[in-house]
Amino acid sequence: MTSVENTCAVRMEEVTKTFGSVTANDRVTLEIRKGEILSLLGENGSGKTTLMNMLAGIYFPDSGRIYVNGKEATIASPRDAFAHGIGMIHQHFKLVNVLSAAENVVLGLEGGVFLDIREVSRRIREIAGQYGFAVDPAKKVYDMSVSEKQTLEIIKLLYRGADILILDEPTAVLTPQETEKLFDVLRRMKKDGKAIVIITHKLHEVMELADRVAVLRRGEFVGEMKVSETDTAAMTNMMVGRQISLNIERSEPRDPKPRLAITGLTVVDGEGVTKLDHVSFTAMGGEILGIAGVAGSGQKELLEAVAGLCPIKEGKILYTPEGKEPSDLVGKTPMQIKDAGVAMAFVPEDRLGMGLVGGMGMVGNMMLRSWREGGGIFVRHRNPGALAKTVMDELEVVTPDVNYPVRRLSGGNVQKVLVGREIATAPSVLMSAYAVRGLDINTSYTIYNLMNQQKEKGVAVIFVGEDLDVLLELCDRILVLYDGRVSGIVNAREVAKEEVGLMMTRLGKGENADA
């Protein structure tokens, strides 16, 4: 027992958490060790984030015990968690935009606003130097990149004395170069004896970074393994409980034809900020065009402009239906675009705010769209109840029934409902913004295959993604956006990931050039 106490930072024993009739965690026992990076894996709804939220003091267990450094601990709030040296960095950062880095670090601490900001800044630089961070304590959050904000969140925890750090999807919005810098920092922290947990769906990153993986399935702990003794296939099989294939079957485009020709597209928001600056490209039917870029580069505005959801300052969006003359979509509302015979499907980034009605069940949300007879797994389901049941079964949506409010589903399950509904409309143009964000690897590959099925039918698929490995494996071409402008358009089969990563942080030679 002595050796375990020396290396075990946290031990969760028989921890259970329920929400009404749903059991999120069922008697889970898990160890987190000092000087180790543990990856917590599982499908959507497996209970990973709930388990870590209990450790971070956001939820309180219904039963079970938590030991920190060998002593039983009661963690009923984030303040309790900090007192035990535990901190969690969520996917959505908890920062105040108008404050500086140093002010954010001390916000909420006893005497925070009255602390000597010069001494706080000195301590921040000291932490940054120890672990290899680049941070300016005086910089305002609204001037920071996503990577800098994440760095600040980590420094906040270290400043408060955290020795046990939990990171939820830490690389979701980072470039490959930023990801590698983060990994270097985490390795230094591990070497310094910190205990680190990462929740991620990117198995190639698990193989590169983690020492051990622990797997949850349907709220239960099903096993653990050393990364050095396993591979991605074995990890996936343990998560899903059966053998599955992790191959994206990318075919060569067959007879691709111009479907959307976008020229000089410029979008300015209500505050006069240019979101898209003379963007030009062509989306081909029978092709998957990937859109890459760091967060806030104009991806959201690009798709919303094409869908008729935001005003366009200048430019053209020419849609060419099969065997007909092109028509300009600029100035048309979504309903006018539909009435013009444009079969367009859109999976927006804001799933509940824009894509679905949270208070409705799957059936009600299916009724929000009119669909024609589609193909593939959604063929011949004309009534919304039947379609909802098909989407639930084929995409394995975890819900008590098809009338259960979608806002009460996990983020991954909400996304499955939205993607399934949009594909069922039999579109000629399918646009998706982060279609697999928050989805487990099994469902992600189902979505990739659905995208490929649409491509095979001659649909022009525009796929905004944040995982460059997936973009390079799934897409035919990749358009890279940087600060609202086209940094370049590249052949996904030939370009190196590092080159795309560099294009995401500067304008390249291929600026505004179609290819």
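The values are calculated or read from the model by the stated rules, or taken from the named source; none is laboratory data. Because the structure is a prediction, the values reported are computed rather than measured. Please note: Cβ atoms are built from the backbone with ideal geometry, for glycine as well, and neighbour counts cover all protein chains shown.
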>> Criterion first (closer than 22 Å to ALA283 by Cα, modelled with pLDDT under 95 and not assigned by TED's automatic domain parsing to the domain that holds ALA172) does VAL459 satisfy it?
In response: yes
>> Tally up the residues in region 455-470 that are assigned to a helix (DSSP H, G or I) and either surrounded by fewer than 24 Cβ atoms within 10 Å (Cβ to Cβ) or among the hydrophobic types (A, V, I, L, M, F, W, C) (or both), please.
In response: 4
> Name the pairs: first residue in region 258-287 and on the phi > 0 side of the Ramachandran plot, second residue small (Gly, Ala, Ser) and part of a strand (DSSP E or B), Cβ to Cβ under 8 Å, at least 6 apart or on different chains?
Replying inline: GLY264/SER280; GLY264/GLY315; HIS278/GLY264; HIS278/GLY315; GLY286/ALA460
> If only one of ASP350, ASP339, ASP328 is at pLDDT 85 or above and either surrounded by fewer than 19 Cβ atoms within 10 Å (Cβ to Cβ) or more than 31 Å from the chain's Cα centre (by Cα) (or both), which one is it?
Replying inline: ASP328
> What are the residues in region 53-72 that are of a type outside the set (A, V, I, L, M, F, W, C) and part of a loop (DSSP other than H, G, I, E, B), if any?
Replying inline: GLY57, TYR59, PRO61, ASP62, ASN69, GLY70
>> Condition first: within 25 Å of the chain's Cα centre (by Cα), in a strand (DSSP E or B) and in contact (Cβ under 8 Å) with a residue 24 or more places away in the chain. Can you find one or more residues in region 43-52 that meet it?
In response: no
> Looking at ARG188, is it basic (Lys, Arg) and farther than 30 Å from GLU499 by Cβ?
Replying inline: no
> In region 10-24, which residue that is modelled with pLDDT under 95 and touching a Gly at 6+ places or on another chain (Cβ under 8 Å) is farthest from THR50 (Cα to Cα)?
Replying inline: THR23
>> Any residue at all in region 450-461 that's in contact with a Leu (Cβ under 7 Å, 6 or more places away or on another chain) and of a type in the set (Lys, Arg)?
In response: no
>> Among the residues that make up region 36-55, is at least one of them in contact with a Cys (Cβ under 9 Å, 6 or more places away or on another chain) and either assigned by TED's automatic domain parsing to the domain that holds ALA233 or of a type in the set (Asp, Glu) (or both)?
In response: no
> Taking region 110-165, which residues are basic (Lys, Arg) and touching a residue at least 24 places away in the same chain (Cβ under 8 Å)?
Replying inline: ARG123, LYS139, LYS140, LYS149, LYS156, ARG160
> Would you call ALA83 surrounded by fewer than 17 Cβ atoms within 10 Å (Cβ to Cβ), more than 21 Å from the chain's Cα centre (by Cα) and modelled with pLDDT of 90 or more?
Replying inline: yes
> Out of region 131-141, which residues are surrounded by fewer than 19 Cβ atoms within 10 Å (Cβ to Cβ) and modelled with pLDDT under 90?
Replying inline: GLY132, ALA134
>> Within region 61-75, take every residue that is touching a strand residue (DSSP E or B) at 6+ places or on another chain (Cβ under 9 Å) and without any contact (Cβ under 8 Å) to a residue 40 or more places away in the chain and give me the one that is surrounded by the most Cβ atoms within 10 Å (Cβ to Cβ).
In response: ILE75
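Being part of a helix (DSSP H, G or I) and among the aliphatic types (A, V, I, L, M) is the requirement here; does MET88 meet it?
No: the conditions fail for MET88.
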> Of (1) part of a strand (DSSP E or B); (2) touching a residue at least 40 places away in the same chain (Cβ under 8 Å), VAL490 satisfies all except one. Which?
Replying inline: (2)
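Hey, does region 283-297 have a residue that's of a type in the set (Ser, Thr, Tyr), more than 21 Å from GLY465 (Cβ to Cβ) and either in contact with a strand residue (DSSP E or B) (Cβ under 9 Å, 6 or more places away or on another chain) or at pLDDT 95 or above (or both)?
For region 283-297, residues of a type in the set (Ser, Thr, Tyr), more than 21 Å from GLY465 (Cβ to Cβ) and either in contact with a strand residue (DSSP E or B) (Cβ under 9 Å, 6 or more places away or on another chain) or at pLDDT 95 or above (or both): absent.
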> With region 227-298 as the region, which strands (runs of 3 or more DSSP E) entirely inside it contain at least 2 residues that are among the acidic types (Asp, Glu)?
Replying inline: none
